[in-house]
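See below for the structure under consideration.
The values are calculated or read from the model by the stated rules, or taken from the named source; none is laboratory data. Note that the structure is predicted; figures quoted are calculated from it, not measured. Neighbour counts run over all protein chains shown; Cβ positions are idealised from the backbone, glycine included.
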C-alpha cells in the first residue's frame, strides 16, 4: 500500500508538471507571437500601426509609393522598391534600417507637434516634409529631432523660430508663415540653398512691435531684416491708427508723423501721441484757457471813473502767440455795485516740435464787484468764447475732420477785505473759487480750483491828472500762479486816460506765459 501511494503521488506531480509546462508554453507563444520577426510585403496606400501595436519585421518590403503611419513601434529592415517613395508619419518608436532602391526616397511627414520625432538611425539620407499644419510648430524642435535629414520642404505650414540658426537645403511650396523674434535693426539668414522662392510671410512674435520683418532672397539664401513700420493701423489696431495712415496720405510732411516715425518703443509712441493736438483736439482749448488765466490777473477797476475803453493785448509764451482786442463798458447801477461788460477777439498761433495750429476766438465777459459793509467785497467775473481752429486734419474720435469749433468758459468768485493803509494806499487780500470748461468734437474738459491772492496799490492826483498804480497776485490749487502790474493815468479835465498792463502766469501746460496790454479809456 505504501508503495502504491508513493507511485500515485509521483504520477500526480508528473502530470501537474507537464500541465504547467504546456500552459506556460501557450502563454509564452501568445505573449510574443505579435513581436516575432516576420517578413511583410506592404503595398497599396500603406500601413497604419496603431497605439500599442508593433510592426516587427525581419524585412518589410515596400512594393509601391506609400505611407507608414506609426503610432506604435516599427522594427526591422525596410526595403524600398525602385522609383518608389516612402513617407513616414511617426509619433512613437521607429527603429528600422532602410535600403533604398534606385531613384527611391524616404520622407518624414510632420503635420503636428506629435509628429516631431526621431526616425533613429535609418542609415540613409532622408527628407522632412512639414505640411498642412493645424498649429504653429517649433522649428528648432523639428531640427533637433531630425538631425539626420538632408533636405526640408515646407508646404502650407506655420513655424515659430525661437533661436535663429541657418537651415540648409529648404524647399518652399505653398504659403508659409514664419514667426520670429529678433532684435530691431537686425539682418539674419534663416535658410540657405533655398530651392524655391515661394511666398513666405515673416511675422513678429509680439503684437505691439513697431517693426515688421521683411524676408528677401540673395543667391538662394533667405534673409530676414527688421524694418521700422509706419503702418499705424497695424501697430495700434484702432481708429487712431487708421487716422494716422490717412494723415500720411494727405499731409505726409506733418511734424507729428515725423516724431512718431522716430519713436523707438511703443511707450515713446504713446508719449508723442499724448502731446498731439491732432489726436487730442481738446488740447487746443488750453490756449484759450490760458487767456482766461491772464484775465484773472486784472485788478479791481482801479480807475472807477472811466466809462468805456478799448484794450489791445498781446499774450505769448514758448510756442504760443495771441493778439487781440477787448472793448469794455463800465457801469454803476448804484454806488455799491460796479459792473464791467466786455467783448474780445483773439487771433492765436501755436507751434512746437509736434503741433501747429491757428485759431480765431470770439467772446464776451462780465466783471461784477459788490461792496459789502466794513470794507469787505464780493467779486465775480467770467466769460465765454467760441473758437475755430485750423490744425489741418484732426482726429474726431472716429475719423478725420478739419477746422473744428470749440466752446469754452470760465467763472471765478472772490471774497476779500480792503485795508486802507494811508491816504491813497490800500491792500485787498482775498480768497477765490473758480473753474473753467471746454468742449470740442464731443470731448469735454472741466477743471475746478481754489486760490488766494491780493491787490496792492496807491493813487494820487497831481496837476489835473489822477495816477493809479496797482499790482495783483494769485496762487491757485491747480499749480497756477500769476502776477500783474497795472499803471493808469486819467485826465480829470478831458475825462480820458490810458493805462499799461503787464503780467505773467505759470501753469503746467505752457509753463510761463506773458501778456502786455494798452488801455485807452474815456468817459462821456
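Return yes or no: is residue 256 under 38 Å from the mean Cα position of the chain (by Cα), farther than 22 Å from residue 505 by Cα, surrounded by 15 or more Cβ atoms within 10 Å (Cβ to Cβ) and touching a residue at least 60 places away in the same chain (Cβ under 8 Å)?
Yes, satisfied.
For the stretch 427-443, what are the residues that are buried (at least 17 other Cβ atoms within 10 Å of the Cβ) and without any contact (Cβ under 8 Å) to a residue 40 or more places away in the chain?
Residue satisfying the conditions is 437 alone.
Just name the residue that is nearest to residue 288 (Cα to Cα) out of those in the stretch 449-468 that are assigned to a strand (DSSP E or B) and free of Cβ contacts under 8 Å to residues at least 24 places away in the same chain.
Ranking the qualifying residues of the stretch 449-468, first place goes to 452.
Given the criteria closer than 25 Å to residue 446 by Cα, modelled with pLDDT of 95 or more and buried (at least 19 other Cβ atoms within 10 Å of the Cβ), does residue 410 qualify?
Here the answer is yes, as residue 410 does meet what is asked.
Answer yes or no as to whether residue 497 is in contact with a strand residue (DSSP E or B) (Cβ under 8 Å, 6 or more places away or on another chain) and farther than 21 Å from residue 329 by Cβ.
For residue 497, the condition - in contact with a strand residue (DSSP E or B) (Cβ under 8 Å, 6 or more places away or on another chain) and farther than 21 Å from residue 329 by Cβ - is not met.
Which condition does residue 479 not pass, out of (1) in a strand (DSSP E or B); (2) surrounded by fewer than 17 Cβ atoms within 10 Å (Cβ to Cβ); (3) within 41 Å of the chain's Cα centre (by Cα), if it passes all the others?
(1)
Residues of the stretch 332-354 being surrounded by 14 or more Cβ atoms within 10 Å (Cβ to Cβ) and either outside the structural domain of residue 309 (by TED's automatic domain parsing) or in contact with a helix residue (DSSP H, G or I) (Cβ under 7 Å, 6 or more places away or on another chain) (or both), which ones?
Result: 346, 348, 350, 354.
So that you can scan it fast, the table gives a plain yes or no per residue for (1) closer than 18 Å to residue 90 by Cα; (2) touching a residue at least 40 places away in the same chain (Cβ under 8 Å):
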| residue | (1), (2) |
| --- | --- |
| 129 | yes, yes |
| 154 | yes, no |
| 159 | no, no |
| 169 | no, no |
| 182 | no, yes |
| 193 | no, no |
| 204 | no, no |
| 216 | no, no |
| 224 | no, yes |
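Residues 473, 453: which one is touching a strand residue (DSSP E or B) at 6+ places or on another chain (Cβ under 7 Å), over 20 Å from residue 370 (Cβ atoms) and outside the structural domain of residue 249 (by TED's automatic domain parsing)?
None of the others qualify; the one that does is 473.
Mind checking which residues of the stretch 58-71 are surrounded by fewer than 16 Cβ atoms within 10 Å (Cβ to Cβ) and over 17 Å from residue 43 (Cβ atoms)?
Within the stretch 58-71, 58 is the sole residue that qualifies.
Consider residue 498 carefully, then state whether it is at pLDDT 95 or above, in a strand (DSSP E or B) and out of contact with any helix residue (DSSP H, G or I) (no Cβ under 7 Å at 6 or more places or on another chain).
When the stated conditions are applied, residue 498 does not pass them.
Looking at the stretch 56-77 only, could you name the residues that are closer than 21 Å to residue 129 by Cβ and without any contact (Cβ under 8 Å) to a residue 24 or more places away in the chain?
Matches in the stretch 56-77: 64, 65, 69, 71.
Looking at the stretch 220-232 only, could you name the residues that are over 10 Å from residue 187 (Cα atoms), under 25 Å from the mean Cα position of the chain (by Cα) and exposed (fewer than 15 other Cβ atoms within 10 Å of the Cβ)?
Of everything in the stretch 220-232, those that are over 10 Å from residue 187 (Cα atoms), under 25 Å from the mean Cα position of the chain (by Cα) and exposed (fewer than 15 other Cβ atoms within 10 Å of the Cβ) turn out to be 228, 231.
Read through the list (1) in a strand (DSSP E or B); (2) free of Cβ contacts under 8 Å to residues at least 40 places away in the same chain; (3) farther than 29 Å from residue 307 by Cα, then give the number of the only condition that residue 513 fails.
(2)
How many residues are in contact (Cβ under 8 Å) with a residue 24 or more places away in the chain, farther than 18 Å from residue 439 by Cβ and in a helix (DSSP H, G or I) when one looks only at the stretch 264-304?
Qualifying residue count, the stretch 264-304: 8.
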